[in-house]
Amino acid sequence: MDRFKRVEISYLDPIERIKNFKEVCLGYTEEEAVLEAKRCLQCKNPKCVPLCPVNIDIPGFIKAISQRDFLLAYEILSDYTSLPAVCGRVCPQEDQCEKTCILGIKGDPIAIGKLERFAADWALENNIRREFTFDKKNKKVAIVGSGPAGISCAGELIKLGYEVTIFESLHQPGGVLIYGIPEFRLPNEKVVFKEIENLERLGVKIEKNVYVGRTLTIKDIFNEGFEAIFIASGAGAPIFMGIDGENLNNVFSANEFLTRNNLMNAYKSNAQTQIYVGKNIAVIGGGNVAMDAARTAKRYGAEVNIIYRRTKAELPARYEEVENAIEEGIKFHFLVNPIEILGNEFGEVSSIKLQKMKLGEPDSSGRRKPMPIAGEETELKVDTVIMALGTNPNTVIADTASGLKLDAKNRILVDKNLETKLSRVFAGGDIVTGSATVILAMGAGKKAAHSIDNLLNNKAD
């Protein structure tokens with residue numbers, strides 16, 4: 001065994017996978033997982049753990065895998081996270097726990113995320129359900145939103161003995177895990193639905209089709225006997241560029257495009273809600289959502305172009321997602337920025353005008369700032385444009401909850417304990433940070449749960 005070389009993982013063949021929505025990464029086999037786990041140095045002071053937003057005992061679960069005790073590995077994981085099979089697939093481990101792995105100094109860091117996925121999948125495939133015993137407090141806590149922040153908070157609170165009810169506005173729980181992430185990256189039936197079933201089995205109630213701010217208000221929830229509320233409704237309002245032509249037919253936000261595909265199954269021939277996908281598509285942006293939108297469009301048979309104003313080195317998307325997109329034949333256009341979307345006589349997209357860019361000095365994010373090159377423009381023939389520029393929260397809840405304070409981007413303001421300006425109302429995840437990662441939202445949910453527990457039981461911070 002080469003301790004400095006990661007055990008390779010298998011993927012579906014690119015030529016075949018672009019024809020369907022099957023999961024692309026196949027995961028480790030038992031033998032591969034054990035071999036990879038044995039590479040771990042079991043550091044006495046592991047640097048990987050502090051960089052995990054939910055503080056998983058990473059050496060502990062990896063050691064269990066190396067000893068073929070997959071049950072123990074899953075039990076260790078489930079002590080810290082309510083969504084191990086999800087996190088193992090979509091968390092940016094390369095920028096968190098794996099980033100400080102000692103083995104990464106001379107070789108490949110331990111594949112922490114892939115091992116987490118293995119242990120969680122093993123438990124799901126073998127119908128392993130973790131049992132918890134807890135003393136009931138006879139206190140009710142409400143959670144608004146069933147995405148990763150809400151699920152994480154619910155999982156912690158139910159283990160602390162609270163009665164927990166999640167209010168979900170859609171007809172299916174899961175939040176961004178369901179509507180935002182394609183099945184080729186995160187399968188619903190195999191993973192998300194089962195993780196949510198495990199939560200419900202612990203006693204968490206989920207009320208669907210309840211739109212807080214419309215069918216119910218924060219005041220109504222308190223009137224129903226809940227003693228604290230955690231708002232985890234995410235960030236669903238898409239950001240556009242404000243350029244000419246954005247109102248043409250066949251210009252979508254990535255949010256709409258992915259929701260209609262993922263939640264409403266638009267890719268299926270018998271779907272009640274279809275979606276138009278052209279033959280030549282431009283996806284604007286370079287994050288994970290842009291990769292998801294581009295790779296989804298590719299599966300409709302389209303030629304797909306990703307338009308990004310910096311270079312490949314600055315792409316914010318995960319390396320794995322970028323490489324998968326390249327393998328699938330998606331074209332990247334770097335150092336160009338849209339300045340106008342052009343249309344035909346029918347009001348439909350016909351092309352997009354692009355400004356050539358160069359990189360200047362680093363901006364506040366640490367990346368070199370893109371600067372326009374005067375007089376350097378080009379035009380790309382496309383019939384569909386998908387804007388993947390991020391999202392901000394909407395103001396529906398705040399509009400009906402006098403006292404909630406928002407910033408300029410409609411994000412709820414909270415203190416160090418994630419409590420809002422309204423007493424006993426907490427918030428976390430994308431509703432506070434704007435669009436971010438699943439694991440950061442989960443970390444916020446976990447923190448909020450303990451803040452709520454401290455408040456309701458008069459504990460010191």
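The values are calculated or read from the model by the stated rules, or taken from the named source; none is laboratory data. Fair warning: this is a prediction, and the values are worked out from it, not measured in the lab. Neighbour counts are summed over all protein chains in view; Cβ atoms, including those assigned to glycine, are modelled from backbone coordinates with ideal geometry. Note: areas computed on protein heavy atoms with side chains; ligands, DNA, RNA excluded. Shrake-Rupley method; radii C 1.70, N 1.55, O 1.52, S 1.80 Å.
Across segment 398-414, what is the number of residues that are crowded, with 19+ Cβ neighbours inside 10 Å and part of a helix (DSSP H, G or I)? Residues that pass the stated criteria total 1.
Among the residues of segment 349-392, the ones that are under 27 Å from the mean Cα position of the chain (by Cα) and closer than 14 Å to I306 by Cα come to 6 in all.
When segment 79-129 is examined, which residues are found to be charged (D, E, K, R) and surrounded by 21 or more Cβ atoms within 10 Å (Cβ to Cβ)?
R89, E98, K114, E116, R117, D121
Among residues of segment 176-200 that are without any contact (Cβ under 8 Å) to a residue 60 or more places away in the chain and crowded, with 21+ Cβ neighbours inside 10 Å, those with a Cβ under 8 angstrom from a residue that is of a type in the set (V, I, T) and not in a loop (DSSP other than H, G, I, E, B), sequence gap 6+ or separate chain, pair up as I196/I151; I196/I206. Of the conditions (1) part of a helix (DSSP H, G or I); (2) aliphatic (A, V, I, L, M); (3) in contact with a strand residue (DSSP E or B) (Cβ under 8 Å, 6 or more places away or on another chain), A444 clears all except one; give me its number. Against the list (1) part of a helix (DSSP H, G or I); (2) aliphatic (A, V, I, L, M); (3) in contact with a strand residue (DSSP E or B) (Cβ under 8 Å, 6 or more places away or on another chain), A444 comes up short only on (3). Quickly run through segment 254-272 and pick out the residues that are without any contact (Cβ under 8 Å) to a residue 24 or more places away in the chain and in a loop (DSSP other than H, G, I, E, B). Across segment 254-272, the qualifying residues are M264, N265, A266, K268, S269, N270, A271, Q272. The set of residues in segment 294-315 that are crowded, with 18+ Cβ neighbours inside 10 Å and not in a helix (DSSP H, G or I) comprises R299, Y300, A302, V304, N305, I306, I307, Y308, R309, R310, L315. Within the option set F257, F252, being open to solvent by less than 10 Å² (accessible area, probe 1.4 Å), farther than 30 Å from F426 by Cα, at pLDDT 95 or above and of a type in the set (F, W, Y) holds for one residue only, F257. Taken over segment 261-284, the criterion of being open to solvent by 10 Å² or more (accessible area, probe 1.4 Å) and of a type in the set (G, A, S) is satisfied by S269, A271. Residue count for segment 148-186, restricted to those that are under 16 Å from A235 (Cβ atoms) and either of a type in the set (S, T, N, Q) or assigned to a strand (DSSP E or B) (or both): 1. Being free of Cβ contacts under 8 Å to residues at least 24 places away in the same chain, exposed (fewer than 15 other Cβ atoms within 10 Å of the Cβ) and under 25 Å from N324 (Cα atoms) is the requirement here; does L26 meet it? Yes.
Of the strands (runs of 3 or more DSSP E) lying entirely inside segment 316-397, those containing at least 1 residues that are loosely packed, with under 14 Cβ neighbours inside 10 Å and either without any contact (Cβ under 8 Å) to a residue 24 or more places away in the chain or in contact with a Pro (Cβ under 7 Å, 6 or more places away or on another chain) (or both) span 349-362, 368-381.
Could you tell me whether any residue of segment 226-237 is outside any loop (DSSP other than H, G, I, E, B), open to solvent by 60 Å² or more (accessible area, probe 1.4 Å) and either out of contact with any Phe, Trp or Tyr (no Cβ under 6 Å at 6 or more places or on another chain) or among the charged types (D, E, K, R) (or both)?
no
Among the residues of segment 88-137, the ones that are among the hydrophobic types (A, V, I, L, M, F, W, C) and within 19 Å of K47 (Cβ to Cβ) come to 10 in all.
Each row is one residue, and each column tells you yes or no for (1) under 14 Å from the mean Cα position of the chain (by Cα); (2) of a type in the set (D, E); (3) under 26 Å from P92 (Cβ atoms).
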position: I158; (1), (2), (3): no, no, no
position: G161; (1), (2), (3): no, no, no
position: I166; (1), (2), (3): no, no, yes
position: G180; (1), (2), (3): yes, no, yes
position: E189; (1), (2), (3): no, yes, yes
position: K194; (1), (2), (3): no, no, yes
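Filtered by the rule that a residue be in a helix (DSSP H, G or I) and either open to solvent by 70 Å² or more (accessible area, probe 1.4 Å) or without any contact (Cβ under 8 Å) to a residue 12 or more places away in the chain (or both), segment 52-70 gives a lone residue, K63.
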